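The values are calculated or read from the model by the stated rules, or taken from the named source; none is laboratory data. Small disclaimer: the values here were computed from a predicted structure and weren't measured. Virtual Cβ from ideal backbone geometry, glycine too; neighbours counted across all protein chains shown.
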């Protein structure tokens, strides 16, 4: 595991705090061995319990394939417990976030709605300022309760990952899967 500041990540993986090494082993097995990504890279972030990854496979396809493994047995995922695909990584400035959202908004159809969700760590940026800045560049209908799409803004200190996704389908939460089993 190496610490990198390349900011060219396309998958964010959560694990229990201080269990990054064990999660890294799982990720190397699932994505490197089972999915065959020989160039898969993992970097620790300065946030305990959060790994930034770079896969050569489409990160949405990675999440979909991992969901297939987890559907069979969610308990095989012991440490890597949440997988979020990232479409763009930018510096943590509201202007850069807004420009990324503008570039990705074509996924949202004319008659579809969206909401902006912000998850931030190690930043003093205001969540509502981020929401306003990103939403302002997307000329589509906002629906906070039941949106067709979520513009996900993951701020991790000096870099930010942005995705336009359908949260329930595109983000894999092992803990939620386990809860849904009972």
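Worth a mention:
- Residue 145 meets each of the listed conditions (1) assigned to a helix (DSSP H, G or I); (2) surrounded by fewer than 19 Cβ atoms within 10 Å (Cβ to Cβ) apart from (1).
- Just one residue in the set 36, 32 is in a loop (DSSP other than H, G, I, E, B), out of contact with any strand residue (DSSP E or B) (no Cβ under 7 Å at 6 or more places or on another chain) and modelled with pLDDT of 95 or more; that residue is 36.
- Answer from 93, 113, 127 - the residue that is surrounded by 15 or more Cβ atoms within 10 Å (Cβ to Cβ) and either in contact with a helix residue (DSSP H, G or I) (Cβ under 6 Å, 6 or more places away or on another chain) or within 24 Å of residue 52 (Cβ to Cβ) (or both): 127
- For the range 43-86, a residue qualifies if it is part of a helix (DSSP H, G or I) and either under 11 Å from the mean Cα position of the chain (by Cα) or in contact (Cβ under 8 Å) with a residue 40 or more places away in the chain (or both), and the qualifying residues are 59, 60, 62, 63, 66, 67, 70, 71, 74, 75.
- Residues of the range 87-124 satisfying the condition of being touching a strand residue (DSSP E or B) at 6+ places or on another chain (Cβ under 7 Å), closer than 22 Å to residue 44 by Cα and free of Cβ contacts under 8 Å to residues at least 40 places away in the same chain: 118, 119, 120, 123
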